[in-house]
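Peer 1: Handing you a structure now.
The values are calculated or read from the model by the stated rules, or taken from the named source; none is laboratory data. Note that the coordinates shown come from a computational prediction; the quantities given were computed from them, not determined experimentally. Here the Cβ positions follow ideal geometry from the backbone for every residue, glycine too, while neighbour counts run over all protein chains shown. Protein only, heavy atoms only, side chains kept; ligands, DNA and RNA dropped before computing areas. Shrake-Rupley method; radii C 1.70, N 1.55, O 1.52, S 1.80 Å.
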Amino acid sequence: MDIVTVDLTQYLWIVWLVFILVAVIIELFTLEFTFLMIAAGGLGGLGANLLGWPWWLQIAVAAVLAVLLILLIRPVLLAKLHKGEDTTPSNLAALMGMQGRVVVEIDETKGQVRLANGETWTARLSPLTVSTVVVEGENVVVTAIEGSTAVVVPVERTESHG
């Protein structure tokens, strides 16, 4: 009875294809170009396999290619991706420092303010303010948001004498 020996290295191309596919699938979830560069390194390993190079050289080619792509190409792709991105603050960050006008007298616990963006918020005075009450019509600045309440301080009035 003859024992048939199978050289598993002849099937390494399948391993490379699965590796590349897995890396591309992970990239679709992360969208950071890291696994895309690893998949491209895997393509280099697959190419080395198709050229008949030994398995250890295939892995070395894939690793070196992936590292080079991550260090040299990925930063350029990320910079192009984020170029022209809108850096305008949004949500709560956009409200910090925004001015508004008091519509219902504000004290340490209650009040309402209409912000410059047109929104009306419940408001209370910051504990750091000297004032204890800000009357209707006065201008305020948002210093914090706590839940659904804007914490505000009165705007200092500067009068120019001339």
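Peer 1: Quick one: is residue 27 open to solvent by less than 70 Å² (accessible area, probe 1.4 Å), of a type outside the set (A, V, I, L, M), more than 30 Å from residue 137 (Cβ to Cβ) and not in a strand (DSSP E or B)? So that I can check it myself, show each step before the final result.
Peer 2: Numbers: open to solvent by less than 70 Å² (accessible area, probe 1.4 Å): yes; of a type outside the set (A, V, I, L, M): yes; more than 30 Å from residue 137 (Cβ to Cβ): yes; not in a strand (DSSP E or B): yes.
Considered against the rule, which asks whether it is open to solvent by less than 70 Å² (accessible area, probe 1.4 Å), of a type outside the set (A, V, I, L, M), more than 30 Å from residue 137 (Cβ to Cβ) and not in a strand (DSSP E or B), residue 27 comes out as yes.
Peer 1: Name every residue in the stretch 112-160 that is touching a residue at least 40 places away in the same chain (Cβ under 8 Å), in a strand (DSSP E or B) and β-branched (Val, Ile, Thr), in order of residue number.
Peer 2: Within the stretch 112-160, the first condition is being touching a residue at least 40 places away in the same chain (Cβ under 8 Å), and the residues that meet it are 139-145, 150, 152, 155.
Still in the running and in a strand (DSSP E or B): 139-145, 150, 152.
140, 141, 142, 143, 145, 152 - these are the residues of the stretch 112-160 that are touching a residue at least 40 places away in the same chain (Cβ under 8 Å), in a strand (DSSP E or B) and β-branched (Val, Ile, Thr).
Peer 1: Identify all residues within the stretch 31-62 that are part of a helix (DSSP H, G or I), among the aliphatic types (A, V, I, L, M), farther than 22 Å from residue 81 by Cα and open to solvent by 50 Å² or more (accessible area, probe 1.4 Å); write none if there are none. Before you say what the answer is, go through the steps one by one.
Peer 2: Quick first cut of the stretch 31-62, residues part of a helix (DSSP H, G or I) only: 34-50, 55-62.
Okay, now just the ones that are also among the aliphatic types (A, V, I, L, M), so 36-40, 43, 46, 48, 50, 57, 59-62.
Then drop every residue that is not farther than 22 Å from residue 81 by Cα, which leaves 43, 46, 48, 50, 57, 59-62.
Correct list: 43, 50, 57, 59.
Peer 1: For the stretch 25-39, give me each residue that is over 18 Å from residue 64 (Cα atoms) and either in contact with an Asp or Glu (Cβ under 9 Å, 6 or more places away or on another chain) or of a type in the set (A, V, I, L, M) (or both).
Peer 2: Narrowing the stretch 25-39 to residues over 18 Å from residue 64 (Cα atoms): 25-32.
Hits for the stretch 25-39 are 25, 26, 28, 31.
Peer 1: In the stretch 1-16, which residues are open to solvent by 80 Å² or more (accessible area, probe 1.4 Å) and in a helix (DSSP H, G or I)? Outline the logic, then answer.
Peer 2: As a first pass, look at the stretch 1-16 and keep what is open to solvent by 80 Å² or more (accessible area, probe 1.4 Å): 1-8, 10-11, 13, 15.
8, 10, 11, 13, 15 - these are the residues of the stretch 1-16 that are open to solvent by 80 Å² or more (accessible area, probe 1.4 Å) and in a helix (DSSP H, G or I).
Peer 1: Further question: Note down all Cβ pairs under 7 Å where the first residue falls in the stretch 34-62 and is over 11 Å from residue 17 (Cα atoms), the second is of a type in the set (Lys, Arg), and they're at least six residues apart or on different chains.
Peer 2: 34/74; 37/74
Peer 1: For the stretch 74-95, check the following and say yes or no: at least one residue is among the charged types (D, E, K, R), open to solvent by 90 Å² or more (accessible area, probe 1.4 Å), closer than 19 Å to residue 37 by Cβ and in a helix (DSSP H, G or I).
Peer 2: Yes, the conditions are met somewhere in the stretch 74-95.
Peer 1: Next question. When residues of the stretch 117-135 are filtered for being loosely packed, with under 13 Cβ neighbours inside 10 Å, farther than 15 Å from residue 92 by Cβ and at pLDDT 85 or above, how many remain?
Peer 2: Restricting attention to the stretch 117-135, the residues satisfying the condition of being loosely packed, with under 13 Cβ neighbours inside 10 Å are 117-119, 127-128, 130, 132, 135.
In the following step, the residues that additionally are farther than 15 Å from residue 92 by Cβ were identified as 118, 127-128, 130, 132, 135.
Now narrow it down to the ones that are at pLDDT 85 or above: 118, 135.
So the count comes out to 2.
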